[in-house]
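Some notes on the structure that comes next.
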Amino acid sequence: MINFKTLAQEVKDDIVRWRHDFHADPELSFHEVNTSRKIAEALRKIGYTNVRVGIPHCPETGVVADLNPGKPGRCIVLRADMDALPIQEETSLPYTSQNHGVAHACGHDSHMAMLLGAAKILFPLRSQINGNIRFIFQPGEEYLLSDMCPSLSDACSKPGARILVEEDDVMDGVDAVFGIHVWGTLPSGVIHYVPGPFMTTNLIVNMEVTGVGGHGAMPHTCIDPVVAACQIISAWQTIISREIDPQEAAVLTVGSINVDSKTYNVIPERVSVIAGARTYDETVREYIKQRMQEIAEGVAKGMRVKISFTASSGVPPVRNDEVFTMQAVQSITEAIGAEHVACTKPVAASEDFSWYQKIVPGALMFLGVGNEEKHTNFAQHHPQFNSDDEALPNGTASLAAVAYGFINQSVDIG
Ligand SMILES: [Zn+2]
Ligand SMILES: [Zn+2]
């Protein structure tokens with residue numbers, strides 16, 4: 001039996017070096033150009049000859065390589081995302097971000113490094129693998145739109161995984177997909193899995209409430225959009241508390257309220273509101289969207305304001321195929337030991353990995369990278385987020401073991 005844990009430990013120095021290099025040079029969604037170049041170089045150095053750079057709309061970002069191109073048998077995709085966030089890093093690490101206002105605060109630097117590690121340990125084993133393993137380094141997971149991040153004037157209109165699924169041939173002939181996301185609040189080195197619904201689908205709502213502005217001491221000559229917006233926001237909370245089945249988890253948050261007045265004695269002309277909702281079911285998401293609009297329109301009519309309401313549905317929910325997940329858990333347990341594998345609870349975050357799961361069975365799992373002594377236990381998207389390097393070989397071993405197990409065992413899946 002192949003000892004993936006030992007093989008991963010043997011490439012640990014490479015994994016750590018790659019990660020630190022990615023971490024120091026983080027790039028925003030669909031702008032992962034240096035990152036793509038480094039990944040392609042590393043893959044070619046390992047021996048991969050069919051390395052493809054670029055995805056539809058983005059010719060310089062995203063990297064795909066096959067272990068056994070065209071070989072008959074099953075094909076599994078191992079996927080890592082690549083993008084960083086528009087956050088100013090607040091660590092004093094020797095490899096802290098050199099790019100002002102951009103940071104690998106979601107741990108995608110670790111994903112790329114772990115997947116390169118898997119590509120490295122699987123390459124010498126390729127003749128023993130009775131099918132193909134496709135490595136996808138995917139840009140644009142954070143799906144930053146240009147209106148969220150003005151520096152991204154040419155960002156794509158949909159997340160990277162959706163582009164690959166809908167506009168690329170990279171999923172042709174693929175039988176399963178597997179990926180790992182590092183997680184700062186889970187113990188370092190432990191793979192956490194959830195069969196079935198795992199991560200949420202989301203909804204982004206932009207609303208503008210327009211009244212009639214004027215003097216704060218003469219409200220009768222105005223139509224106050226602030227009071228109307230507050231009424232709408234309060235009423236929205238009853239969608240979750242009064243209208244959704246308590247067995248269906250859902251959350252609604254208003255994250256931004258802005259007025260065009262900066263003082264106390266002015267009734268502003270308009271208020272803009274940005275809200276989000278998350279749930280594990282797309283029909284629940286659509287219900288929330290419809291009710292938010294109906295409530296906003298109803299309250300607006302009663303309070304004499306006008307509203308504009310736009311809602312965009314985000315990624316689908318991550319739903320792990322139960323049979324494939326348990327098969328993967330078995331491979332991981334054999335590779336890194338049962339003490340490093342744990343079942344966990346779903347989380348109300350979202351991941352565009354779900355787009356791959358729309359067309360093939362798949363599993364996304366968490367690798368804990370939290371270690372309080374090393375200050376690597378911050379939550380994702382925190383300005384001090386960092387991964388514990390010691391955890392990463394377990395991620396590499398798990399990626400390799402799942403792919404090897406899926407190709408070389410003929411267990412039926414979803
Ligand atoms: Zn993230
Ligand atoms: Zn992420």
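Of note:
- Here 242, 285 are placed in order of increasing Cβ neighbour count within 10 Å, fewest first, which gives 242, 285.
- Charge tally for residue 3 (other residues, Cβ to Cβ under 11 Å; Lys, Arg +1; Asp, Glu -1): -1.
- Scoring 160-170, 246-256, 49-59 by mean Cβ neighbours within 10 Å over their residues and listing the highest first yields 160-170, 49-59, 246-256.
- The C-alpha atoms of the chain define a longest principal axis, and helix 12-24 lies at about 30 degrees to it.
- For residue 40, net neighbour charge (Lys/Arg +1, Asp/Glu -1) across residues whose Cβ lies under 11 Å away: +3
- Listing 221, 201, 210 from fewest to most neighbouring C-beta atoms within 10 Å gives 221, 210, 201.
- Computed over region 218-274, the range of Cα coordinates on each principal axis works out to 47, 21, 14 Å, biggest value leading.
- Relative contact order [Cα under 8 Å, 6+ residues apart], the chain, whole percent: 24 percent
- Across region 201-313, Cα pairs under 8 Å and at least six residues apart give a relative contact order of 45 percent.
- Nearest 10 degrees, 0 to 90: helix 33-46 Cα axis against the chain principal axis: 10 degrees
- Beta bridges from DSSP with both residues in the chain: antiparallel share about 65 percent, rounded to the nearest 5.
- From least to most packed, judged by other beta carbons within 10 angstrom and beginning with the fewest, 157, 29, 350 follow the order 157, 350, 29.
- Three-way shape call for region 201-313 based on the alpha-carbon gyration tensor, with the a/c threshold at 1.5: prolate
- Helix 282-302 and the longest principal axis of the C-alpha atoms of the chain enclose an angle of approximately 10°.
- Overall shape: prolate for the chain, with the ratio a/c of the largest to smallest alpha carbon gyration tensor axis at 1.5 or above and a/b above b/c.
- For region 253-370, the spread of Cα coordinates along the three principal axes comes to 67, 31, 19 Å, biggest extent given first.
- Over region 148-242, the hull volume per residue, using the convex hull of the C-alpha atoms, is 267 Å³.
Values quoted throughout were computed directly from the atomic coordinates according to the rules given, and no laboratory measurement underlies them. Predicted model only: the values in this text are computed from it and were never measured. Cβ coordinates were reconstructed from backbone atoms using ideal geometry, including for glycine residues, and neighbour counts include every protein chain displayed.
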